[in-house]
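Please read the structure below before turning to the comments.
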Amino acid sequence: MHSFGNPTRAIAAVLAVLVLASCGTRGERGLSGDSFGDSLDHSPSEEGYYYQLITLPVPDGVELEVGGLDVLPDGRPAVATRRGEVWLVDGAYDSDPQPDYRLFAQGLHEPLGLLWKDGSFYSAQRGELTRMQDANGDDRADVYETVYAWPLTGNYHEYSFGPLALKNGNLFVSLNLGWFGRGGSEAKWRGWALEITPEGEATPLAAGFRSPAGIGITSSGDVFYGENQGDWIGSGWISHIEKGDFLGHPASLRWSDEPESPLRLAESDVPDTGDPMFRARETVPELKLPAVWFPHTVMGISTSAIIEDATGGDFGPFAGQLLVGDQGHSKLMRVFLERINGAYQGAVFPFYEGFSSGILRTAWGADNSLFVGQTSRGWAATGKEPFALERLVWTGKTPFEMKAIRSAVDGFEVEFTMPVDPASLLGDSTFVVTSFTYKYHSTYGSPAINVQPLKVTVNGLSDDDTTVKLAVEGLRAGYIHEFRLGDVRSVEGVPLLHDQAFYTLNSIRDGASVVGSGPGSSASSPEQAAAGDGNAGERAARRPVEMPPSWGGEVDHRVEIRTEPGLRFDVSAFDVRPGSRVALTFVNDDDMSHNLVVTAVGAADEVVAAAIDLGIRGQGLGYVPEGGGAAESVLYHTALLEPEASETLYFEAPSVAGQYPFVCTFPGHGVTMRGVMTVR
């Protein structure tokens, strides 16, 4: 525990500037001889100043769509690709790498995991857990052995992930639901996690998974998985898995009456009311609450790789925390966890973005750098490359960051990586905390609901000036608490590298039963507030879903646009006459939410950026900016459409000739989901 002085000390006193200890440079254990100094082409306000991203070139003809990644005892990375190959990589640690790729195995069915264990590789293919052995030591698989097989329907969404090596010597795999316009478990154990012995005996562990693409295990043996937004899943999260847990999606419960099932819960037992998840748990005690929510679009859109920083400080000041990837936003986030009343909860922070493709897998190198395996085929990402293998290396410089957020009886403790300047804590808006949550229902995703700003008081500073104690009025267990700390500075005047975080408060430290209590428990959601404010008329004009009576049922142009794989519209361009009557129908036959927004000439990028800046309000507003600025460049837009939904807009084309972009403004989609309406 931190020692706190007089609470007024952090408010009224300005202390002498402390001399910081030198950050030093990386130790000698690295294999690459990397040298980092001020010559790096980054400023201290950029992530690249603290972590260097090194891309490993891939030979022509090798489609390295990374589905699995591990590092051999000799330090070589091994990569399983979604195209069914396993490659061994030599020369990966060079500062200017020109690695050599050696084909170890081929012919697998979309492996989405790779593990080196006891002299063999293990990988989860679509329909089985496979063991691969090199019997003669020539770096080529001689034996392919089925450890355990599970049934398939052939549905494209039936992905299989893993394995992880459990502490007891067994293996862990997780199985996606299929997609039939909604998540469905048409093949046995779809939506479950399985524990499999090396001899091939399988036991179902937990149910309720939708798309558990990211799985990871800590040094203590705790297994976590990352979930992705969808039906029943309001936003992404990571959750701790224990035997007998129900993780939230009811479709898998069709198998709960099987003799091996650790659950006796039926689909009909799960309420579809739209109440928050913690309310549903009052009637379904088996329901496991997420340990940490990842607010959708703000902290990514498709949670993936989970790995513990077990480097002992060789990767920076966050040892023991989790690094979590996001496939759609091509970035890594950082998670601090603590146990309160016997269960995990904690905070997620931004960490590093700008990877070349969509992150799916990570693995620690022999020098405690982080290998990051990436792919975007079918799952488009902000990183524009179709695939990539990259290495993230700490430069030895320590960023000024929120290191941890801990729950306290009456608020939170925020720990920083460096001593804080007490004078920077004086502002009324230095610590802005807002609580909110999501609906738990069969609908695809959820807006942020019950949004409530909270009153925050700085209540103390630790003796070493690294930890601030905050008293927060209106704490609500079961809610996510957003932190914005834009004004905090270090004693050297350095601003935070990242000033936003989200803490999932499942339980308050003293164990008091205060679920949903505090002022504003019934606060309106952004979508509810939008329905009654002064911008309603403006929104209706920009979303004209009824044909004007003056048209007499006649239109000049009928255009239908659909989605296609890879986050794209199936129509990239169409022409209309100036002032003509247009009926534009958007059909979302994808398995994720989309909208279609027509913008002024040249305004697509501005509108997409403004949609991202909406933050937690975005989904409730359909990711369409409102008010001034970029909102004035939005001509027409659909609602945010769930999968299998459609909507038609009726509007008169602009009278001025030009190229008017249309785009999906859902964060991360606007990079590729674009087209042009040309007025001729």
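Every read-out reported here was derived from the displayed coordinates using simple, explicitly stated rules and does not represent laboratory data. Just so it is clear, the structure is predicted and the values come from calculations on it, not from any experiment. Using ideal geometry, Cβ is built from the backbone for each residue, glycine included, and neighbour counts are taken over all protein chains shown.
Quick notes
- Lys, Arg +1 and Asp, Glu -1 on Cβ, resulting dipole of the stretch 531-679 about Cα centre, debye, nearest 20: 260 debye
- Dipole of the chain [Lys/Arg +1, Asp/Glu -1 at C-beta], most positive-end residue of 456, 336, 179: 456
- With kT/(6 pi eta Rh) evaluated at 20 °C and eta = 1.002 mPa s, and Rh the Kirkwood radius from Cα pairs, the stretch 229-276 diffuses with a coefficient of 177 µm²/s according to Stokes-Einstein.
- Once the chymotrypsin sites (Phe, Trp or Tyr not before Pro) in DSSP loops with at most 16 neighbouring Cβ atoms within 10 Å are cut out of the chain, the longest remaining piece is 181-680.
- Rounded if a/c under 1.5, otherwise prolate or oblate - the stretch 531-679, Cα gyration tensor axes: rounded
- Distance between the stretch 220-286 and the stretch 485-501 - C-alpha centres, whole angstrom: 38 Å
- Loop sites in the stretch 615-676: GluC sites (Glu not before Pro), DSSP, at most 14 other Cβ within 10 Å: 644
- Shape call, the chain: gyration tensor on alpha carbons, a/c limit 1.5: rounded
- Relative contact order (%) - the stretch 181-311, alpha-carbon pairs under 8 angstrom, separation at least six: 29 percent
- Pairwise centroid distance, computed over Cα atoms, of the stretch 561-620 with the stretch 36-106, Å: 35 Å
- Within the stretch 645-676: backbone nitrogen closer than 13 Å to the residue 562 label point (7 Å, Cα to C-beta): 645-646
- Gyration tensor verdict on the stretch 353-473 (Cα atoms; rounded if a/c is under 1.5, prolate if a/b is larger than b/c, oblate otherwise): oblate
- Summed side-chain charge close to residue 188 - residues other than residue 188 whose Cβ falls under 13 Å, Lys, Arg +1, Asp, Glu -1: -3
- Efficiency of FRET from Cβ geometry, residue 60 and residue 655, R₀ 60 Å, rounded to 0.05: 0.75
- The amide H of residue 440, built 1.01 Å from its N in the peptide plane, has 274, 275, 277 as neighbours under 5 Å, considering only residues 5 or more places off or on other chains.
- Whole-Hz couplings from phi, Karplus 6.51/-1.76/1.60, listed for the stretch 183-199; x for Gly and Pro: x, x, 10, 8, 10, 4, 6, 5, x, 10, 9, 10, 9, 10, 6, x, 8
- Amide hydrogen neighbours beyond the local backbone of residue 214, cut-off 5 Å, H modeled: 226
- Fraction of antiparallel bridges per DSSP, the chain only, in percent to nearest 5: 90 percent
- Note on the chain: lysine pairs with Cα distance below 17 Å, sequence gap of 8 or more or different chains, count 7.
- The relative contact order of the stretch 531-679 comes to 33 percent, based on Cα pairs under 8 Å that sit 6 or more residues apart.
- With both labels modelled 7 Å from their Cα along Cα-to-Cβ, the residue 457 to residue 139 distance reads 6.6 nm.
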